[in-house]
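The values are calculated or read from the model by the stated rules, or taken from the named source; none is laboratory data. Worth saying up front: this structure is predicted, and the values here are computed from it rather than measured. Neighbour counts run over all protein chains shown; Cβ positions are idealised from the backbone, glycine included.
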């Protein structure tokens, strides 16, 4: 009888242990399905699942950062400009850009979160969020904003350590630029015409392009214009301002050396600019959008700084830094043309 009782007690104990084990698993699953609070560029506070399992990115800069943080496999939809790294070309397109998302397709895919840039309209954001999908709006450009985006995306991916590594990489070179240009007198800063996407479309302070010019130790030619916008100027206006440097930003992808050279030659031969300092000294440069935002944004900062102040940045090779970034965070070799000359 005692032997039977002992067996019964053992059986009951094992049953209880099994129940407790399953209960523990249930609690762990619930704990892992948590949410985090993200405050995006617009100041909106959002509850986002963490770690996210599915993401739609309507920003090529966000897509690059997600991939750099080993989160590329979470992207189930993208904008047409999200083509780097190359594996992204296998991901379905759900809109040309943040400006023109296909709302029905996005809601059909039902991602955990949508990431867009400031071209996303309030109306389209509301349509997506009314379908139960949170939307994080970002604005890349200067290093501080880029590093904040990296930290936020690292949080929702649960890749904080990887995010810290990428932030440290960017901050290392950001600090170099900041420290070496901090004590420059105004007369030592070149006046710069930054043209975005089309001729005579000049960047003012407060735009991503304008902020980069200032951060690299330059002065925007449009410093006295309404900040935060791009303005259409004329050859007469540029000639009067007499910039020391001209930088043209080309959008798009798959640029060739010949294509960038052709753009530079067009600027050098523009009527009315032959007496402008930048043209006479041939300080005319072309940069592509591939290094103007997102994780590679620091690369254009280094190029700008070296173009503006070659003596201060003689020891810095932006192309080598770019190679290091691509190898370390994308596992690829650097290919393509991003600046000229």
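A few points about this structure:
- Conditions (1) within 22 Å of residue 296 (Cα to Cα); (2) touching a strand residue (DSSP E or B) at 6+ places or on another chain (Cβ under 8 Å); (3) surrounded by fewer than 19 Cβ atoms within 10 Å (Cβ to Cβ): number failed by residue 129: (1)
- Taken together, the criteria place residue 180 among residues that are within 25 Å of residue 311 (Cα to Cα) and touching a helix residue (DSSP H, G or I) at 6+ places or on another chain (Cβ under 8 Å).
- Remark: residue 103 falls outside the filter, which requires a residue to be modelled with pLDDT of 95 or more, assigned by TED's automatic domain parsing to the domain that holds residue 64 and in contact with a strand residue (DSSP E or B) (Cβ under 7 Å, 6 or more places away or on another chain).
- Checking residue 336 against (1) at positive phi; (2) part of a strand (DSSP E or B), the condition it does not meet: (2)
- Flag if residue 145 is in the same structural domain as residue 71 (by TED's automatic domain parsing), part of a helix (DSSP H, G or I) and either over 15 Å from residue 65 (Cβ atoms) or free of Cβ contacts under 8 Å to residues at least 24 places away in the same chain (or both): no
- Residues that are more than 19 Å from residue 193 (Cβ to Cβ) and assigned to a helix (DSSP H, G or I) are absent from segment 278-289.
- Matching residues, segment 229-273, being exposed (fewer than 13 other Cβ atoms within 10 Å of the Cβ) and at pLDDT below 95: 252, 254
- Residue in segment 302-321 that is at negative phi, in contact with a strand residue (DSSP E or B) (Cβ under 8 Å, 6 or more places away or on another chain) and not in a helix (DSSP H, G or I) present: no
- Considering only residues in segment 166-183 that are in a helix (DSSP H, G or I) and free of Cβ contacts under 8 Å to residues at least 40 places away in the same chain, the one that is farthest from residue 296 (Cα to Cα) turns out to be 179.
- Test result for residue 137, part of a loop (DSSP other than H, G, I, E, B), under 24 Å from residue 112 (Cα atoms), at pLDDT 95 or above and touching a strand residue (DSSP E or B) at 6+ places or on another chain (Cβ under 7 Å): no
- If you go through segment 274-289 and keep only what is under 22 Å from residue 213 (Cα atoms), touching a helix residue (DSSP H, G or I) at 6+ places or on another chain (Cβ under 9 Å) and at pLDDT 95 or above, you end up with 276, 278, 279, 282, 283, 284, 285, 286, 287, 288.
- Segment 103-116 - residue that is surrounded by 19 or more Cβ atoms within 10 Å (Cβ to Cβ) and touching a helix residue (DSSP H, G or I) at 6+ places or on another chain (Cβ under 7 Å) and, of those, nearest to residue 50 (Cα to Cα): 113
- Taking residues in segment 295-314 that are without any contact (Cβ under 8 Å) to a residue 40 or more places away in the chain, and partners anywhere that are in a loop (DSSP other than H, G, I, E, B), the pairs with Cβ atoms closer than 8 Å and at least 6 places apart or on different chains are 299/338; 306/313; 306/316.
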